[in-house]
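Participant: Let me begin by handing over the structure; questions about it come next.
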Amino acid sequence: MTPEAFKKIQDTLPQEPGVYKFSDKYGRLIYVGKARNLRNRISSYFKSGHDNYKTHVLSRKTERIDFVVVQTEQDALLLENLLIKENQPRYNIQLRDDKTYPYICIKNERFPRIFLTRRPLADGSEYLGPYTSVKKVRSLLQLLQEIFPLRTCNLNLSSKNVEAGKFKVCLEYHIGNCLGPCENLQSEEAYNETIAHVRNVLKGRISPVLAELKKQMLHFAEKYEFEKAAQIKKKIELLENYQSRSTVVNPSIDNVDVFSIIDGEKQAYVNYLKVVQGGITQTKTIELHKKLDESQEEILLFAITLLREEFKSESREVIVPFPLQLPDSNLLVTVPQRGDKKRLLELSLSNAAYYQSSRPFAPQARRPEVLEIMQRDFRLPSVPLHIECFDNSGFQGSHQVAAVVVFKDGKPSKKDYRHYNIKTVTGQNDFASMEEAVYRRYKALQQEGASFPQLIIIDGGKGQLNAAIKALSTLGLEKKIPIISIAKKLEEIYVPDDPLPLHLDKRSPSLQLIQRIRNEAHRFAITFYQNKRDSSTLKTHLTAIPGIGEKTSSMLLKKFRSEKKIRQASFEELASLVGSARAQAIMNYYARSEVNTTTNHVQR
């Protein structure tokens, strides 16, 4: 549609929030958009002299404009999302997702059943999910069955059928997995209380369930019904163990959604984490197909709407990597700079990077062409068939680590990945840590007589690049290996001897490959840091046992991998590793811990 043709209909457009639809000359829907002011937004596509690629394509292809007026911008966002999913217009961002994800269904019926399904129905039942792993869903359902007695049969337990005595209890009742609602041995009210506990666990709200179970255990203990109290205690331990596996941050961080994005040339990857009481209860990464050079803000806003709707999120806070204007003014947008929320954002980004690295590599150009383009972009002496990338990780100076990932022929060579415990740096000093890692890497390659990469990438800005160059200079390699760095905030590329950064077109295959390598280095570094931090925490716990020092705790961790397995190990297994005296000390320590825990429960 020409600007002249648009002027004839411009004044008929409303100045209210809504959704607009562009169709081509064949009547096919090619684009759906939202607007706070429909007239102003649609008019922006048909102004003469625009140089935006997206605007140019849509104004040239559009022959018909339709619109829907809604009450608020939030309504417009939701309607836009619905229309895109239903119609898949050619020029809108498209979700690449060929999976059918599992849900947990709480059936809308008397004495509700709970089961796994892949097909949510509009039948009044409650569907929790989606989950990304069927195996995890089955494990969760098995845990719930161990803790809460629920029926698994599909009998029609209407009050009429139950009162008529149509059913008899089955084996599940006799082994304690069901309390017999089919023979009216359990009231509907009591059963629904159990369902409420199950719902809380599935939504990550475990604290009130634990509080109720502990109250029951104390009640039985006070009545000297110790067998029943022990049964409740076992359920508490199962639930606490499940909670400890899911809790990753401060439990005060409750009911928040975390989103991160990796923006590539033609694809973008958005990861979502649902956090309840410090535990990640749900997660999903999606791949989005870009059509018209959409900005990171546009893509992330689209993904947030899509994922919050899919997971039926009611969180009032979202954590994102950069400021974002959301239509819902009641939604708190947080861009953390430090602390636990920053750790959550980094964890989300690591998940997105891991998902991206597992996808088929499909840039616009074939892999050899990408490397040749990179050679031309950075004036390298040879095609960079061997690329290495460095990244640091740590928190407030503790457990400082670095990592290097290796790509050969544009693909990860994971057998060549290396990580480093930073030894010469005290406190948090990214520059010195980078210098140490680069020095140790290429000092080792020199001693081994191994080949050097055709390109080194440093994750960071000018300071990190200069630190890496200093390490290469110490080894006499400063001018022998090409090196660049990439700064995350604006994706700027720094090169030696140039104070100003390069800005590659974000559609450039070179930049896309560099981003992918950088994201993989970040994932590898932060995973190593988290493992080291967790191992250090457990080692400190073990050294609290009389007679167990650093060396013995290291041996135990290497053998058993977790405190749970150490606690469950037999005396013979422990003695064969650390000797009889230390094995007895470990057994005594955990036995006292068990007694103290039980006593505290009863006293409360």
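Participant: From Val69, Val57, which residue is open to solvent by less than 60 Å² (accessible area, probe 1.4 Å) and either more than 30 Å from Val137 (Cβ to Cβ) or basic (Lys, Arg) (or both)?
Facilitator: Val57
Participant: When you go through Leu345, Leu273 one by one, which is the residue that is in contact with a Pro (Cβ under 7 Å, 6 or more places away or on another chain) and either farther than 20 Å from Lys506 by Cα or open to solvent by 20 Å² or more (accessible area, probe 1.4 Å) (or both)?
Facilitator: Leu345
Participant: Let me ask something else. Can you give me the ranges of the helices (runs of 4 or more DSSP H) entirely in segment 115-192 with at least 1 residues that are open to solvent by 100 Å² or more (accessible area, probe 1.4 Å), under 29 Å from Asn241 (Cβ atoms) and not hydrophobic (A, V, I, L, M, F, W, C)?
Facilitator: Those helices (runs of 4 or more DSSP H) span 134-147, 171-174.
Participant: I've got another one for you. Under 7 Å between Cβ atoms, at least 6 apart or on separate chains: pull out the pairs that start in segment 153-178 with a residue that is closer than 19 Å to Thr194 by Cβ and end on any residue that is among the β-branched types (Val, Ile, Thr) and open to solvent by 50 Å² or more (accessible area, probe 1.4 Å).
Facilitator: Listed by first residue and then by second, the contacts come to Glu172/Thr152.
Participant: Given Pro360, Pro336, which one is surrounded by fewer than 13 Cβ atoms within 10 Å (Cβ to Cβ) and either at pLDDT below 85 or not small (Gly, Ala, Ser) (or both)?
Facilitator: None of the other options fit; the residue is Pro360.
Participant: Further question on the same structure: Restricting to segment 554-566, and then to whatever is open to solvent by less than 40 Å² (accessible area, probe 1.4 Å) and modelled with pLDDT of 75 or more, can you tell me which residue is nearest to the chain's Cα centre (by Cα)?
Facilitator: Among those that are open to solvent by less than 40 Å² (accessible area, probe 1.4 Å) and modelled with pLDDT of 75 or more, it is Phe560.
Participant: A follow-up question, please. Give the residues of segment 439-471 that are buried (at least 19 other Cβ atoms within 10 Å of the Cβ), in contact with a helix residue (DSSP H, G or I) (Cβ under 8 Å, 6 or more places away or on another chain), outside any helix (DSSP H, G or I) and of a type outside the set (A, V, I, L, M), sorted by residue number.
Facilitator: Asp459, Gly460
Participant: Could you count how many residues in segment 282-291 are open to solvent by 10 Å² or more (accessible area, probe 1.4 Å) and in contact with a Leu (Cβ under 8 Å, 6 or more places away or on another chain)?
Facilitator: 3
Participant: Now for a different question. Tell me which residues, restricted to segment 31-45, are assigned to a strand (DSSP E or B) and open to solvent by less than 10 Å² (accessible area, probe 1.4 Å).
Facilitator: Val32, Gly33, Ala35
Participant: Here's another thing I want to ask about it. For residues that are farther than 24 Å from Gln337 by Cα and exposed (fewer than 15 other Cβ atoms within 10 Å of the Cβ), scanning just segment 488-501, find the one that is modelled with the lowest pLDDT.
Facilitator: Going through the qualifying residues, I end up with Pro499.
Participant: Within segment 54-68, does at least one residue satisfy the condition of being more than 22 Å from Thr305 (Cα to Cα) and either touching a Cys at 6+ places or on another chain (Cβ under 8 Å) or among the small types (Gly, Ala, Ser) (or both)?
Facilitator: yes
Participant: What residue, among those in segment 253-268 that are outside any strand (DSSP E or B) and charged (D, E, K, R), is surrounded by the fewest Cβ atoms within 10 Å (Cβ to Cβ)?
Facilitator: Lys266
Participant: Taking only segment 193-214 into account, find how many residues are open to solvent by 50 Å² or more (accessible area, probe 1.4 Å) and among the small types (Gly, Ala, Ser).
Facilitator: Within segment 193-214, residues that are open to solvent by 50 Å² or more (accessible area, probe 1.4 Å) and among the small types (Gly, Ala, Ser) number 2.
Participant: Another question, if that's okay. Out of the residues in segment 301-342 that are of a type in the set (A, V, I, L, M, F, W, C), out of contact with any Pro (no Cβ under 8 Å at 6 or more places or on another chain) and not in a loop (DSSP other than H, G, I, E, B), state the one that is farthest from Ser133 (Cα to Cα).
Facilitator: Leu332
Participant: Ok, one more. Using the structure shown, decide if Lys423 is of a type in the set (Lys, Arg) and either within 25 Å of Val370 (Cα to Cα) or touching a residue at least 24 places away in the same chain (Cβ under 8 Å) (or both).
Facilitator: Considered against the rule, which asks whether it is of a type in the set (Lys, Arg) and either within 25 Å of Val370 (Cα to Cα) or touching a residue at least 24 places away in the same chain (Cβ under 8 Å) (or both), Lys423 comes out as no.
Participant: Looking at segment 397-420, is at least one residue in a loop (DSSP other than H, G, I, E, B), modelled with pLDDT of 80 or more and farther than 29 Å from Ser510 by Cα?
Facilitator: no
Participant: Tell me, please, whether a residue that is in a loop (DSSP other than H, G, I, E, B), within 19 Å of Pro381 (Cα to Cα), in contact (Cβ under 8 Å) with a residue 24 or more places away in the chain and of a type in the set (S, T, N, Q) can be found in segment 494-508.
Facilitator: No - not one qualifying residue is present in segment 494-508.
Participant: To continue, here is another question. Could we say that Phe6 is farther than 28 Å from Ala303 by Cβ and either acidic (Asp, Glu) or buried (at least 19 other Cβ atoms within 10 Å of the Cβ) (or both) here?
Facilitator: No: the conditions fail for Phe6.
Participant: How many residues does segment 59-85 contain that are farther than 19 Å from Arg36 by Cα and part of a helix (DSSP H, G or I)?
Facilitator: 4
Participant: Sticking with this structure for a sec: For Asn92, work out the one condition from (1) open to solvent by less than 30 Å² (accessible area, probe 1.4 Å); (2) modelled with pLDDT under 85; (3) in a helix (DSSP H, G or I) it doesn't fulfil.
Facilitator: (3)
Participant: Out of segment 241-255, which residues are at pLDDT 70 or above, closer than 17 Å to Pro336 by Cα and in contact with a Lys or Arg (Cβ under 8 Å, 6 or more places away or on another chain)?
Facilitator: Ile253, Asn255, listed by residue number.
The values are calculated or read from the model by the stated rules, or taken from the named source; none is laboratory data. These figures come from a predicted structure and were not determined experimentally. Note that each Cβ is placed from the backbone with ideal geometry, even for glycine, and that neighbours are counted across all protein chains shown. Heads up: the accessible areas ignore ligands, DNA and RNA and are worked out on the full protein's heavy atoms, side chains in. Shrake-Rupley method; radii C 1.70, N 1.55, O 1.52, S 1.80 Å.
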